[in-house]
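The values are calculated or read from the model by the stated rules, or taken from the named source; none is laboratory data. Source: prediction; values computed, not measured. All Cβ positions, glycine included, derive from the backbone under ideal geometry; neighbour counts span all protein chains shown.
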Amino acid sequence: MLKINNLSKSFNKDSDERIDIFHGFNLQIEENKCTAIIGANGCGKSTLLNLISGSLMADQGEFILKGKDIGKLSEEKRAIHIGRVHQDPSMGVSPTLTILENMSLADKKGEGFSLRKLVHKGKIPKYVELLKDLDLGLEDKLDTQVKYLSGGQRQSLSLVMASMKFPDLLLLDEHTAALDPKTSHVVMKKTKELIEKYKMTTIMISHNMKDAIDYSDRVIMLDKGQVILDKPSKDLTEEELMDIYRKKLVEHLM
Ligand SMILES: Nc1ncnc2c1ncn2[C@@H]1O[C@H](COP(=O)(O)OP(=O)(O)OP(=O)(O)O)[C@@H](O)[C@H]1O
Ligand SMILES: [Mg+2]
């Protein structure tokens, strides 16, 4: 379980362009569940994940992950407990390294290591097993540099890498947004399978209402740094979400 208590974050504090993103924000993310976060562009979804992962530091607030406050830890230290897949397929992987080297790097997260002794041959069967689960044939391309993979293959590899150490929390920031609809569907399905198989506590940002409902247990909508909707996915329809979106759009235009 992740508890966010009394979170505040502003950007450009001492200038006319000050933006107050969160003020006294509270949220609880349930263990072993996938929580989808939706909301208009600029409402603070990515900022929230950046604050959780430590890419950004909060001005105030606590992040209690499995009973420990991780809010003061560096991004590197938090990464031992948190897996992340970004929207950009080039971000979660090292393009000039091979699939095998990328998997080995992910496997050594949190350990000291040298690039010279990166790959441990004994671990290869485990990596092959994980890649086989994806059904994309990546297990036959262990020595291929990741830059030669398609966006969908890279995102699937990123997903496996982010989850292979069984993180306490998995963060997905629109991780299928850069993919074509068919590939996006395949990656979302694999995501759901992995989350369910390893019972990973997950926060998934999406702009796709249908995906948010179909692939999560709970949907949260953010607006101006506040939770304006919080419901079990099974009680929601796409129409209901679109309706709220439309109303918000009208409010912003008035
Ligand atoms: N490092 C930063 N410095 C200054 N402003 C920032 C920074 N990061 C985000 N912002 C601002 O904070 C606001 C929220 O941005 P954020 O990226 O969290 O939105 P989002 O909900 O993820 O939007 P989208 O759906 O477009 O990805 C925006 O106005 C953005 O310009
Ligand atoms: Mg974003």
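Quick notes on this one:
- Some residue of segment 23-34 being more than 12 Å from Leu7 (Cβ to Cβ), in contact (Cβ under 8 Å) with a residue 24 or more places away in the chain and in contact with a Phe, Trp or Tyr (Cβ under 7 Å, 6 or more places away or on another chain): yes
- Selection of first residues in segment 45-57 that are in contact (Cβ under 8 Å) with a residue 60 or more places away in the chain and on the phi < 0 side of the Ramachandran plot and of second residues that are near ligand 1 (Cβ under 7 Å from one of its atoms) and not hydrophobic (A, V, I, L, M, F, W, C), restricted to Cβ pairs under 8 Å at least 6 apart or on distinct chains, gives the following pairs, ordered by first then second residue: Lys45/Gly39.
- Single residue of segment 38-57 satisfying the filter (more than 17 Å from Gly83 (Cα to Cα) and more than 6 Å from ligand 1 (Cβ to nearest atom)) that is nearest to the chain's Cα centre (by Cα): Ile38
- Test: residue in segment 56-64 that is hydrophobic (A, V, I, L, M, F, W, C), surrounded by 13 or more Cβ atoms within 10 Å (Cβ to Cβ), at pLDDT 95 or above and outside any strand (DSSP E or B): yes
- Identity of the residue in segment 194-220, polar (S, T, N, Q) and within 16 Å of ligand 2 (Cβ to nearest atom), that ends up surrounded by the most Cβ atoms within 10 Å (Cβ to Cβ): Ser206
- Any hit, segment 131-145, residues being in a helix (DSSP H, G or I) and over 25 Å from Asp180 (Cβ atoms): no
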